[in-house]
Structure formats: structure tokens, C-alpha cells
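The values are calculated or read from the model by the stated rules, or taken from the named source; none is laboratory data. Computed from a predicted model, the values in this text were never measured in an experiment. Heads up, the Cβs are rebuilt from the backbone with ideal geometry, glycines too, and the neighbour counts pull from every protein chain shown. SASA here: full protein model, heavy atoms, side chains in, ligands and nucleic acids out. Shrake-Rupley method; radii C 1.70, N 1.55, O 1.52, S 1.80 Å.
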Amino acid sequence: WGPRWLSQRRVASAEMKRFPAARATIGNPLWPDERPVHEVELAAFWLDVTEVTVDDYEACVRAGACSAPQKGGYCNRSEDGRGDHPINCVSFEQAERFCAWAEKRLPSEKEWEHAARPAHDDPMAKQRDLFPWGAGVPDATRVNGCGKECGEHFAQRGRQVPQLHELDDGHPLTAPVR
């Protein structure tokens, strides 16, 4: 069976969450490309709990089922020590091939939006929360977003980027998945 088969089995058996069949409300009145808010019927589906890592994707490349992702810029595959960071710089087709190799599939846009909604987001409520954690603004306790470390990282390179918060999570770009 060998190491390639073991790698594929490890990725295929990653923790997943089941979403039961539901009548789900999707869309957002605040952004033109997400209008109108509407209801859809969704069959039950499964979604990985965490992102695919660089190491996971590399196992697919070594098995010959996936092509190598882009390198350079802010691509995690370009940086040593980022095997446990999320894979980025892959095309839709590369993501589909990875999912097929892992015996999974990409979620549909409707499934993805439903999964990202907070559990307490009642479809009958008059006001919907914008974020999975509720209505509070993004901060370091809620999102791995650009904080103090990110602003400093880009400032050293002569660029200014907006910071979501003033805290420092120790990772100027992406953070480890696990």
C-alpha cells in the first residue's frame, strides 16, 4: 500500500462536519453581488472542519493526482516551514482534482454560504448577522486577519494595508491550520 496510499487515506479521513438537509437563507442585502436574499433547499452535505494544508496538497502532487500550485508572491508553497499553513495559489481545477484524490468534493456556493452562517442565525429573524461569530466587528479573537504584525510586515516592504485590529497573532500572513 505504501506512503502515497497512507497520505491519501489521512487526507480523506480528515475531520468533517455534517450539515443536515435544510431550507437555507442565503444572500446579503448589503452587497450588490450577493442580492437578493433568498431561500434555497439544500440536501445534507459534509464539509472539512479545517482548510487543506500545503502538506496535504503536496501529498496529492507526489501521488501524481495534482499539479503543482503556483509559487512566488504570497503563495505558501514558496515558503519553508509552511507545511501546516493553508494551501493557496491553486486554481479551481486544481482544487477539484485535489478533492477527487481525497474522495471528496468542493462545496457549492450555496453550501459554502450556508456553512459560513452562524448557528444562531435564525432564517426567520429580521436582522441577519454578517459574520459566523455574530454581529461584532472582526478582531484577533474572531478571525485570522491582518493585525499589527501584518501592518508591520507590509510597512517593511513599503506598502500600507488596512489592519483589522491592533493585536499580533505572530503570523503576518497566514497562520497554521492545526
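At a glance:
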| item | result |
| --- | --- |
| For segment 68-78, 3J(HN,Hα) per residue [Karplus equation, 6.51 cos²θ - 1.76 cosθ + 1.60, θ = phi - 60°, Hz, x = Gly/Pro] | 5, x, 4, 10, x, x, 9, 6, 5, 5, 6 |
| The chain - percent of accessible surface contributed by carbon and sulfur, probe 1.4 Å | 54 percent |
| Cβ-derived FRET efficiency at R0 41 Å, Asp168 paired with Arg18, nearest 0.05 | 0.70 |
| Residues of the chain: accessible area per residue with a 1.4 Å probe, Å² | 64 Å² |
| Spin-label model distance (nm) - Lys71 vs Ala135, 7 Å beyond Cα toward Cβ | 4.9 nm |
| Convex hull projection area averaged over all views, segment 129-178, Cα basis, nm² | 3.8 nm² |
| Partnerless cysteines, meaning none of the other Cys C-beta atoms lie under 4.7 Å away, in the chain | Cys99 |
| Segment 15-80: C-alpha gyration tensor shape, a/c 1.5 cut-off, then a/b vs b/c | oblate |
| Spherically averaged projected area in nm², based on the convex hull that wraps the Cα atoms of the chain | 12.2 nm² |
| Environment charge of Pro172, counting only residues whose C-beta is closer than 13 Å and scoring Lys/Arg +1, Asp/Glu -1 | -1 |
| Value of [θ]222 nm, deg cm²/dmol, for the chain, DSSP H segments ≥ 4, -39500 (n - 2.57) each, nearest 500 | -7500 deg cm²/dmol |
